[in-house]
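Visitor: First, the structure itself, so that you have it in front of you.
Values quoted throughout were computed directly from the atomic coordinates according to the rules given, and no laboratory measurement underlies them. Everything numeric in this text was worked out from a predicted model, so none of it was measured. Here Cβ is always computed from backbone atoms with ideal geometry, including for glycine, and neighbour counts include all displayed protein chains.
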Amino acid sequence: MRAVDEPIPTDEQLYRSIAEQDVDGEALDPTALDVPGTSVARSKYQPVPTQAIHPGDGGIAVIVPRDLPSPMVSSGGARYEFVASDDPLEDNDSHAEIRMNRPGKPYKSNHKVASKEFELQLRAALALRFRILIDPRNPKPAA
Amino acid sequence: MMSSGAATDDRHYLNAPQTGASVRARPTPQRDQREGGRHQAIFVKYTTRGARPVALYGAIHVGLTSAAGLASAALVLGVGALAALLAPPPAQHRAANALSGALATLRAPGARHRAKVADIAFQSAERVVAAIKAAELVPERVVTTSQGEVAFYFRGQERTAGGASRRYGTIVCDSDGDTTVLLADRVSAESKAWRIDGRLSEALAIIGDFVDGDGENASG
């Protein structure tokens, strides 16, 4: 397994494997994304986006770190910021995550966001920033 | 209920206090001296159980002094009732039945994300389907998610440049047993979410107003 390679450049493409059920027009639905961390593949280590498609999916949504949403604050005052974190795995060198971090607190993959309502709003905000690179309904890479 | 007798105005607005609905009635029955009878307009509304109301409006001319008039009125009512019984289920009813089928498919062993979705999420989803059957709002899709959720998506007609629905609402039933609504506007980037405590019909009404409305519910 390779060493952690951070920071991820702000213009590096990050691929998210998606299925037909995740797409509305050319937009991504919020439930296509996970909280507190959404798995993506770094283009630096996985330059062929089609190879980042998971079995049973069929498409790819893409984002670059500079397009991540601004920090959001819950009604209870909990602040979350979106961070692209390198996270290589034993069987997947290209793995990274878009995490919803609480500033000053260590990231925990089992962290429960302040509330379910706020969690859905975080996912909706992040979903807006993705674009569809390979449409799972018509799997040819977009121009 | 219609007022009778002494009104001089040719229109009557009857308010039903229980529902707040306003009913407009045609002229109060008046004696027609020339024909020796009276004219009355009756608006008949049939509904089929659990379905979008099917309205059959008929104006029945009843001649009080004419047996033939009564017979023709009975015939019209009979034909109308028969037509309502024989009519195919309205689109709303068919869609709700399809939704039940979709939910059963998502719940089947081997379905996408099935292992991550707890039974309690499906039980909540069944309550959502029951509420949808009683409402006039049909979701565009129902999906399961890798977070262990069942999500119903409702889309507005207005589209973004990329062809997505500008406004959407989703009801998310999670594996903690909670049901949450999200309203989002892809152009303004505003969203609003709240947890439902059994008020599904109210939530559906809000979603319906939002997705094809002015989107004011997504702010604040």
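Visitor: Past 27 Å, Cα to Cα: identify those pairs from A:K44/B:K192; A:K44/A:K112; A:K44/A:K108, in the order given.
Guide: Values: A:K44/B:K192 36 Å; A:K44/A:K112 30 Å; A:K44/A:K108 25 Å.
From A:K44/B:K192; A:K44/A:K112; A:K44/A:K108, over 27 Å: A:K44/B:K192; A:K44/A:K112.
Visitor: Quickly work out the B:V187-to-B:A111 label distance, labels modelled 7 Å from Cα along the C-beta direction, and quote it in nm with one decimal.
Guide: 3.5
Visitor: Further question on the same structure: What base-10 log of the normalised intensity I(q)/I(0) is obtained for segment B:117-210 from the Debye formula, alpha carbons as equal point scatterers, at q = 0.15, 0.17 Å⁻¹?
Guide: Values returned for q = 0.15, 0.17 Å⁻¹ are -0.55, -0.70.
Visitor: Let me ask something additional. Hey, with R₀ at 45 Å, roughly what FRET efficiency would A:T50 and B:A81 work out to, going by the Cβ-Cβ distance, to 0.05?
Guide: Values: r = 60 Å, r/R0 = 1.33.
Efficiency, rounded to the nearest 0.05: 0.15.
Visitor: Additional query: Does segment B:98-142 classify as rounded, prolate or oblate by the C-alpha gyration tensor (a ≥ b ≥ c root eigenvalues; a/c under 1.5 gives rounded; else a/b over b/c gives prolate, otherwise oblate)? Walk me through the numbers on the way to the answer.
Guide: Values: a/c = 2.67, a/b = 1.81, b/c = 1.48.
Prolate.
Visitor: Can you sort A:M1, A:M100 so the residue with the fewest Cβ neighbours within 10 Å comes first?
Guide: Working: A:M1 10, A:M100 27.
Least crowded to most crowded, the residues run A:M1, A:M100.
Visitor: Extent of segment A:1-116 along each principal axis, from alpha carbon coordinates, in Å, largest to smallest?
Guide: Extents along the principal axes, in whole Å: 41, 37, 25.
Visitor: Next question. With viscosity set to 0.890 mPa s at 25 °C, what whole-number translational diffusion coefficient in µm²/s follows for segment B:173-213 from Stokes-Einstein and a Kirkwood radius over Cα pairs? Show your work: numbers first, answer last.
Guide: Working: Rh = 11.1 Å.
Roughly 221 µm²/s, to the nearest whole number.
Visitor: I need the trypsin sites (Lys or Arg not before Pro) found in segment A:80-135, filtered to DSSP loop residues with at most 12 other beta carbons within 10 Å of theirs. Present the calculation step by step, with values, prior to reporting the outcome.
Guide: On the way: sites: A:R99, A:K108, A:K112, A:K116, A:R123, A:R129, A:R131; in loops: A:K108, A:K112.
Passing sites in segment A:80-135 are A:K108, A:K112.
Visitor: Also, quick follow-up: Given labels modelled 7 Å from the Cα in the Cβ direction, how far is it in nm from B:I120 to B:S146?
Guide: 2.4
Visitor: Can you give the angle from 0 to 90° between the axis of helix A:116-129 and the longest principal axis of chain A, with both taken from C-alpha atoms, to the nearest 10?
Guide: Result, in degrees: 40.
Visitor: Quick check: pseudo-label points 7 Å beyond the Cα along Cα→Cβ at A:E20 and A:D93, how many nm apart are they?
Guide: So the label points at A:E20 and A:D93 sit 3.4 nm apart.
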